[in-house]
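Take a look at the structure below.
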Amino acid sequence: MWIALHLPRLSLETFAATLLVDGLGRAASVAAEAPIALMDGQRITVVNDAAEAFGVQPRMRRATALTLAPQILLGQADPKRDAEALVAVAHVALACTPQVVVPVPADDPTVSPHGVLLEVRASLRYFGGLERLLQHLLGALAPLGHRIHVASAPTPQGALLLARAHEIWHAADLTAAQTALDKVPVWLLGPGREHWDALQGMGLRMLSDLRCLPRSGVARRFGQGLLDELDAAYGLRPNPRTPIVAPPAFESRLELHARADTTDQLLHGARILLARLVAWLAAQHASVRRYTLVMAHEQRWRRDDVAATELEIALAEPSRDAAHLAGLLSERLAPLQLPAPTLELRLRAADIVRRAPPNGELFPTPRSEREGLTRLIERLQARLGREQICCMAALHDHRPERAGELRAAEPGVPGWGARRARTSGTAGTTGKTGGGPVHPVWLLDPPEPLAERASRPLLDGRPLLMLAGPERIEAGWWDAGLAERDYFIARASSGALVWIYRARLPLSAEGSGWYLQGRYG
């Protein structure tokens with residue numbers, strides 16, 4: 001069972017992707033409203049609906065098109081640009097089946113095929129049937145922004161021809177496929193385009209007309225290639241295909257139609273590259289840990305000989321969520337000062353983690369809550385800098401003031417979540433957990449001396465009620481911070497719990513009397 005994806009407007013869509021947002025921040029959706037045409041040399045090759053409404057047609061000369069539609073936006077057809085966009089479609093397809101083929105026309109290998117083939121017989125059971133597989137496939141292709149024709153047939157060549165002839169068509173078996181192919185125009189065959197004028201002059205418009213002729217005469221007049229392609233479509237000869245393999249590292253480029261001067265313009269182009277990155281990650285069944293956006297600058301406006309600016313985005317937690325990746329990039333681009341306008345964007349990624357996709361959750365779980373905290377830290381680091389976002393890390397020291405330190409938050413490091421769970425909600429930073437004494441989270445630095453009356457400590461002029469203690473801490477004999485203390489948990493007159501201590505020895509270096517070390521709650 002072969003599925004063919006045909007992209008009839010691929011050249012126009014890839015050109016429209018190079019258009020930037022305007023000064024008002026409106027997206028480059030002008031492709032659906034303004035007349036646009038692509039040229040090869042001085043002749044029009046493809047037009048959109050708006051240009052066609054003005055009477056502009058393929059094969060028309062450039063001067064004629066400008067006469068009919070003076071406001072028409074003209075661009076150059078670029079097979080390489082189309083091929084790069086088609087690779088992203090193939091990567092999406094690889095997430096559904098490993099048997100994905102990008103057919104190259106035999107008559108001209110430099111021409112973009114504008115189609116992708118998938119062999120899905122082995123994947124139907126996993127997705128729950130052809131209908132659900134197609135629903136999943138088209139949903140994954142939607143972010144790429146292409147108009148797609150879909151057809152299925154038992155032969156790859158037959159599926160391609162049906163996809164080019166119909167927007168949606170599914171042939172359940174070979175007989176149904178052959179019946180549908182009889183009504184396909186002859187010019188959709190590769191050799192048929194070359195001999196279309198002669199075939200049309202002979203009244204041969206459909207494949208059924210061609211099949212009625214003697215094969216020897218057709219081969220002698222139009223070449224054996226026409227019959228070979230016809231037989232492959234009808235399942236009368238083998239038609240082996242070589243599947244593609246996703247590259248181990250991702251790299252894609254986007255040449256902009258005009259120079260980009262603002263962050264919004266850069267972000268518009270970068271979103272297209274991020275959509276391709278997500279498609280590649282889906283093919284790898286992986287998430288990305290870091291990616292790099294390279295902005296190539298216009299040569300005549302360069303300062304300090306800076307040919308390109310590289311911006312590396314490091315994620316605290318691997319992800320392949322396009323919205324999340326774009327959000328981090330937006331935070332990093334906002335304060336960036338470019339040395340010159342940008343003409344080309346390139347996106348690279350090689351640091352990935354292969355893992356199963358997350359399961360859908362009806363209610364919040366510890367994992368989803370941790371993911372929310374991780375993404376918050378990522379956004380703060382992107383906006384303020386990695387060194388500005390810190391967390392408390394526990395140290396192996398019994399002295400409360402030395403039991404922890406501030407470190408740069410690194411949620412992406414394995415085990416970070418476990419360390420955070422051990423330090424938060426425990427005895428401040430002392431690491432006391434389990435059945436041991438519970439220490440407060442908030443500690444005073446330095447400890448506050450307390451007045452006393454009849455050897456009883458006072459807080460705000462009122463005596464404290466001792467609830468637990470003493471807990472003896474004697475440490476630091478190996479350095480200059482010797483601590484010899486007896487700690488107590490006490491309750492103030494307001495009902496608040498506090499953590500106090502006094503020196504174990506009357507002549508201690510820390511001095512005598514009571515001290516307030518921390519507060520609970």
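Brief remarks follow.
- Count of the stretch 316-352 residues which are part of a strand (DSSP E or B) and either among the charged types (D, E, K, R) or more than 29 Å from Gln299 (Cα to Cα) (or both): 9
- When we screen Ala282, Ala275 for residues that are closer than 15 Å to Pro98 by Cβ, assigned by TED's automatic domain parsing to the domain that holds Thr342 and either surrounded by fewer than 16 Cβ atoms within 10 Å (Cβ to Cβ) or under 14 Å from the mean Cα position of the chain (by Cα) (or both), the only hit is Ala282.
- Options Val186, Val89, Val104, Val120: the member that is modelled with pLDDT under 90, in contact with a strand residue (DSSP E or B) (Cβ under 9 Å, 6 or more places away or on another chain) and either of a type outside the set (Phe, Trp, Tyr) or farther than 30 Å from Leu274 by Cβ (or both): Val186
- Scan the stretch 125-151 for residues that are touching a Pro at 6+ places or on another chain (Cβ under 9 Å), of a type outside the set (A, V, I, L, M) and closer than 19 Å to Ala171 by Cα and the total you get is 1.
- Restricting the stretch 74-101 to residues that are hydrophobic (A, V, I, L, M, F, W, C) and assigned to a strand (DSSP E or B) leaves a set whose member that is surrounded by the fewest Cβ atoms within 10 Å (Cβ to Cβ) is Leu74.
- Scanning the stretch 122-142 for residues being of a type in the set (A, V, I, L, M) and more than 21 Å from Leu281 (Cβ to Cβ) gives a total of 4.
- Residue-level check: of (1) at pLDDT below 90; (2) at positive phi, Gly129 misses just (1).
- Unmet criterion (only one of (1) in the same structural domain as His146 (by TED's automatic domain parsing); (2) surrounded by fewer than 17 Cβ atoms within 10 Å (Cβ to Cβ)) for Thr242: (1)
- Restricted to the stretch 295-328, and to residues there that are surrounded by 18 or more Cβ atoms within 10 Å (Cβ to Cβ) and over 30 Å from Cys391 (Cβ atoms), the residue that is modelled with the lowest pLDDT is His297.
- The requirement of being surrounded by 13 or more Cβ atoms within 10 Å (Cβ to Cβ), part of a helix (DSSP H, G or I) and either at pLDDT below 80 or of a type outside the set (A, V, I, L, M, F, W, C) (or both) is fulfilled somewhere in the stretch 385-400, by at least one residue.
Here is a yes/no grid of residues against (1) modelled with pLDDT under 85; (2) in contact with a Pro (Cβ under 7 Å, 6 or more places away or on another chain); (3) surrounded by 18 or more Cβ atoms within 10 Å (Cβ to Cβ):
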| position | (1), (2), (3) |
| --- | --- |
| His6 | no, no, yes |
| Ala31 | yes, no, yes |
| Gly41 | yes, no, no |
| Val46 | no, yes, yes |
| Ala53 | no, no, no |
| Ile72 | no, yes, yes |
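- The conditions of being out of contact with any Gly (no Cβ under 9 Å at 6 or more places or on another chain), surrounded by fewer than 20 Cβ atoms within 10 Å (Cβ to Cβ) and of a type in the set (Lys, Arg) are not met by Arg164.
- Glu310 meets the stated requirement of being part of a strand (DSSP E or B), among the charged types (D, E, K, R) and not assigned by TED's automatic domain parsing to the domain that holds His146.
- In the stretch 8-29, residue farthest from Ser152 (Cα to Cα) [restricted to those that are among the hydrophobic types (A, V, I, L, M, F, W, C) and at pLDDT 55 or above]: Leu20
- Tally of residues being surrounded by 18 or more Cβ atoms within 10 Å (Cβ to Cβ) and either farther than 12 Å from Ile3 by Cα or polar (S, T, N, Q) (or both) across the stretch 167-177: 1
- Checking each residue of the stretch 422-435 against the condition of being farther than 30 Å from Asp351 by Cβ, modelled with pLDDT of 85 or more and not acidic (Asp, Glu) gives no match.
The values are calculated or read from the model by the stated rules, or taken from the named source; none is laboratory data. What you see is a predicted model, and the numbers here were worked out from it, not measured in a lab. For neighbour counting, all protein chains shown are included, and Cβ atoms are generated from backbone atoms with ideal geometry for every residue, glycine included.
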